[in-house]
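A short worksheet on the structure shown next.
Bear in mind these aren't lab numbers, they're just calculated from the coordinates by the rules spelled out. In this text, all values refer to a predicted model and were calculated from it rather than measured experimentally. Because the Cβ atoms are built from the backbone with ideal geometry, glycine has one as well, and the counts that use them run over all protein chains shown.
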Amino acid sequence: MTHVFHRSSTHIPPTVARGEGAYLYDTTGKAYLDGSGGAAVSCLGHGDAHVTQAIQRQLGEIAFAHTGFFTSEPAETLAARLTDLAPGALNRAYLVSGGSEAMEAALKLARQYHLERGDTGRARIIARRQSYHGNTLGALATGGNAWRRAPFAPLLMEVSHVAPCYAYRGQQDGESEAAYCDRLIAEIEAEITRVGPEKIMAFVAEPVVGATLGAVPPVAGYFRRIREICDRCGILMILDEVMCGMGRTGTLFACEQDGVAPDILCVAKGLGAGYQPIGAMLCTEAMHEVIAGGSGFFQHGHTYVGHPVACAAAGAVLDRLVGDDLVGRVAPMGAVLRGMLEDRFGQHPHVGDIRGRGLFLGLELVQDRDTKAPIDADRKIHAQIKAAAFADGLICYPGGGTIDGKDGAHVLLAPPFILSEDQ
Ligand code: PLP
């Protein structure tokens, strides 16, 4: 008997007892190699002494003080360090408890920013099909994962969903990458014209698509072209690096590799590395100035924004990622893992594509390599892969979007940056 409202009502998972490095152990003593950090969370692995000590120290000082009354040293320091490391003019950090909260804050700030500039007609979001931005209603509406959205469709605001940048399936035979990129950009331009540029609030995307497509990076130049369009049309660019940020792709922020800086950037997962629930919405000083010089108040907030213990944990995670340069391990270790995957699965009849960046890798599963026909297993295949790997002591993260009305399937790997070649 359990009183926990578990994710699945048909399956109660084993009880985890402890973690050490790249491994988790359940109460029977069975070891699991954490090949996906749960869902790309545990970038440092488990039991990192530097982070746990920072949490303990902070608990000894102050655990909680409401941000309506106080700021805290860990929040101030974290915001200063994050904005210092972030690309472009991202100079303010709004610290929340996770990815969905960061995305909700981003959407509401975008709307309030336009309102306070007197640009009151801007409320429409352009986002992409096959994307995921969180499970709260604004973030869910923004995302384009058909399966996750379906039950809640009547509760979701209208969003313009355009094609994802997904070369494996989107690029046509004989079409160059540049021509494919032109076609995607033309679709975005056409949607802006159809809706009216003056009505559009923001363009939202994951630089490297995570849960829905399985580590799909953009083609060259895609985000730079979108940046130009946003600037030309007064549209804010919101990049969701909740999954692909914090070093996962080999640079602290994934968008650095695409040569763009957004107006708003969201991170979470790897920011707390699983040691504390924390996310951050970074925005430009210019956006902050509009609010500061207008109402003076961001009309949003949660009880736990800027939580001192979560901020202290994230500060210690940054020490490990940047100070100890664990991010520097990501590109070389990612190349090793990718090479192994290619050797092992490159010719596998049911592996259509191996892709990703850094230690953020995806294998797309297909019925047939030549036709790319998706495996249509009514989502059962995701659970089967997860269970089979788990039984063998490996944690990986299968998923998939909807491809031509059928269930797609991929396996996402996002191991900790401390991973060794043996592991
Ligand atoms: N955005 C992206 C890209 C994600 O992958 C996720 C979670 O998987 C979220 C947002 C939501 O984050 P959270 O589950 O922390 O609310």
**Report entry** Among 219, 134, 156 the positive-end extreme of the charge dipole of the range 53-323 (Cβ point charges)
**Finding:** 156
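Starting with the fewest neighbours, write out 264, 229 ranked by other beta-carbon atoms found within 10 Å of each beta-carbon.
Working: 264 27, 229 17.
Starting with the residue having the fewest Cβ neighbours, the order is 229, 264.
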Query raised in the report: In what sequence, highest mean first, do 153-161, 2-10 appear when ranked by Cβ atoms within 10 angstrom?
Result: 153-161, 2-10
Query raised in the report: With the contact rule set at Cα under 8 Å and sequence spacing of 6 or more, what percent relative contact order holds for the range 53-323?
Result: 30 percent
**Report entry** Burial order of peptide ranges 202-211, 124-133 (average beta-carbon count within 10 Å, highest first)
**Finding:** 202-211, 124-133
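Viscosity 1.306 mPa s, temperature 10 °C: give me the Stokes-Einstein translational D for the range 281-423 in µm²/s, with Rh taken as the Kirkwood radius over C-alpha pairs. The partial results should precede the final answer.
Details: Rh = 18.7 Å.
Approximately 85 µm²/s, per Stokes-Einstein.
Rounded to whole Å and ordered largest first, report the semi-axes of the equivalent ellipsoid of the chain derived from its Cα gyration tensor (root of 5λ). Write out the running numbers ahead of the final one.
Details: eigenvalues 193, 173, 78 Å².
Semi-axes (√(5λ), whole Å): 31, 29, 20.
Say R0 is 51 Å: what FRET efficiency, to the nearest 0.05, do residue 390 and residue 120 get from their beta-carbon distance? Don't skip to the end; give the middle numbers.
Working: r = 51 Å, r/R0 = 1.00.
The value I calculate is 0.50.
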Requested in this report: Give the order of 62, 192, 291 when sorted by the count of other beta carbons within 10 angstrom, beginning with the fewest.
Outcome: 62, 291, 192
**Report entry** Value at 222 nm in deg cm²/dmol, rounded to 500, when DSSP H runs of n ≥ 4 in the chain each add -39,500 (n - 2.57)
**Finding:** -10500 deg cm²/dmol
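Return a whole-number percent for the relative contact order of the range 17-102, with Cα pairs under 8 Å and 6 or more residues apart as the contact set. List each step's numbers first, then the result.
Details: 56 pairs, mean separation 13.8, N = 86.
Averaging sequence separation for qualifying contacts and normalising by length gives 16 percent for the range 17-102.
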**Report entry** Check: the range 53-323 dipole with +1 on Lys, Arg Cβ and -1 on Asp, Glu Cβ, in debye
**Finding:** 520 debye
